[in-house]
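Have a look at the structure below, then the notes.
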Amino acid sequence: KALPAWLDVEQYLSDAVVRPNAALTHAVQSALDAGLPPIEVAPNAGKLLKMLVQMSGARRVLEIGTLAGFSAIWMAQGLPDDGRLLTCEYLPEHARIARTNLDMAGIGHKVEIRIGPALETLAALAEDPGQDEPFDFVFIDADKENNSKYLEWAIRLGKPGTVIVLDNVIWEGAILETSMDDVNAPGIVDALEMMGKDPRLDATAIQTVGSKGWDGFAIARVM
Ligand code: SAM
């Protein structure tokens, strides 16, 4: 669905400005070779995640939706050496490929992958006395139906000042025409409404075009 000009511009920006390193290029290729869907963030969005992690001074990052570890590599590259990223993935095969990619990128020591449905992992985290330090940064990029529940967990496991990034908030415009996708679109709309109305959050949302089509992301700060 991406227009050729969007792809050309994205490639130019990636080459001229973003400059993903070899480990990132390898991570994308390994996922394609393994038959995983190409639903990782684009390089310019991955670099934005890395910079947001750096600029917010985050030391503890939570990711929901690992795939092959592409966004996790970017975010871990933005963490200090003693920073930690915990990423949730329910498919063991995705987690296995991600583990290899993270280790090859030289940031594997910063990243823990928890295998299982994210809602179960998050509930277990809340009960784990060893995980008492709040997350500073949360990236939500998994099953869209559960977006609002993930937002709720991000607030609960975060603290005032925690940054939350929610991916795929435009979904080719389906947010205004939910019949286009009655599985994902309602979950995206619920989360956007929550970001706008919940007094615990202050948020904005940006639409984007590129290799991932017409989409966008929302970013919130826990109040
Ligand atoms: N963040 C990744 C990146 O940009 O490189 C892409 C993540 S991909 C869009 C979504 C991932 O979430 C998939 O690997 C999928 O298996 C996983 N997933 C979907 N539903 C899940 C759930 N309920 N719990 C944990 N992982 C889930």
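Structure data summary
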| read-out | value |
| --- | --- |
| Region 79-93 - residue that is more than 7 Å from the ligand (Cβ to nearest atom) and in a loop (DSSP other than H, G, I, E, B) and, of those, nearest to GLU120 (Cα to Cα) | GLY83 |
| Positions within region 122-141 being part of a loop (DSSP other than H, G, I, E, B) and more than 23 Å from SER56 (Cα to Cα), in sequence order | ASP128 |
| Any helices (runs of 4 or more DSSP H) falling wholly within region 1-78 and containing at least 2 residues that are aliphatic (A, V, I, L, M) and farther than 27 Å from ALA174 by Cα | 22-33, 43-55, 70-77 |
| Matching residues in region 137-152 - criterion: being within 14 Å of THR87 (Cα to Cα) and more than 10 Å from the ligand (Cβ to nearest atom) | PHE137, VAL138 |
| All positions within region 121-130 that are of a type in the set (A, V, I, L, M) and within 14 Å of the ligand (Cβ to nearest atom) | LEU122, ALA123, ALA124, LEU125 |
| The lone exception for GLU133 - which of (1) surrounded by fewer than 22 Cβ atoms within 10 Å (Cβ to Cβ); (2) within 12 Å of the ligand (Cβ to nearest atom); (3) within 25 Å of ILE219 (Cα to Cα) it fails | (2) |
| Which numbered condition PRO43 fails, given (1) crowded, with 22+ Cβ neighbours inside 10 Å; (2) over 24 Å from GLU152 (Cα atoms); (3) within 10 Å of the ligand (Cβ to nearest atom) | (3) |
| Region 175-185, subset at pLDDT 95 or above and within 16 Å of the ligand (Cβ to nearest atom), residue farthest from LEU125 (Cα to Cα) | ASP181 |
| Qualifying position, being acidic (Asp, Glu) and without any contact (Cβ under 8 Å) to a residue 24 or more places away in the chain, among GLU145, GLU172, GLU193 | GLU193 |
| Test result for SER56, surrounded by 12 or more Cβ atoms within 10 Å (Cβ to Cβ), more than 13 Å from the ligand (Cβ to nearest atom) and of a type in the set (Ser, Thr, Tyr) | yes |
| Residues (acidic (Asp, Glu) and free of Cβ contacts under 8 Å to residues at least 24 places away in the same chain) located in region 122-139 | GLU127, ASP128, ASP132 |
| Residue ID - surrounded by the most Cβ atoms within 10 Å (Cβ to Cβ), chosen from residues in region 99-121 that are touching a residue at least 40 places away in the same chain (Cβ under 8 Å) and assigned to a helix (DSSP H, G or I) | ASN101 |
| Neighbours by Cβ (under 7 Å, 6+ apart or cross-chain): first from region 31-43, over 12 Å from LYS212 (Cβ atoms) and in contact (Cβ under 8 Å) with a residue 24 or more places away in the chain; second of a type in the set (Gly, Ala, Ser) and within 8 Å of the ligand (Cβ to nearest atom) | ALA31/ALA68; LEU36/ALA68 |
| Single condition ALA118 does not satisfy, out of (1) farther than 18 Å from LEU166 by Cα; (2) near the ligand (Cβ under 8 Å from one of its atoms); (3) in contact with a Cys (Cβ under 6 Å, 6 or more places away or on another chain) | (1) |
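The values are calculated or read from the model by the stated rules, or taken from the named source; none is laboratory data. Please read these numbers as outputs of a predicted model, since none were measured by experiment. Cβ sites come from the backbone with ideal geometry, for glycine too, and all protein chains shown count toward neighbours.
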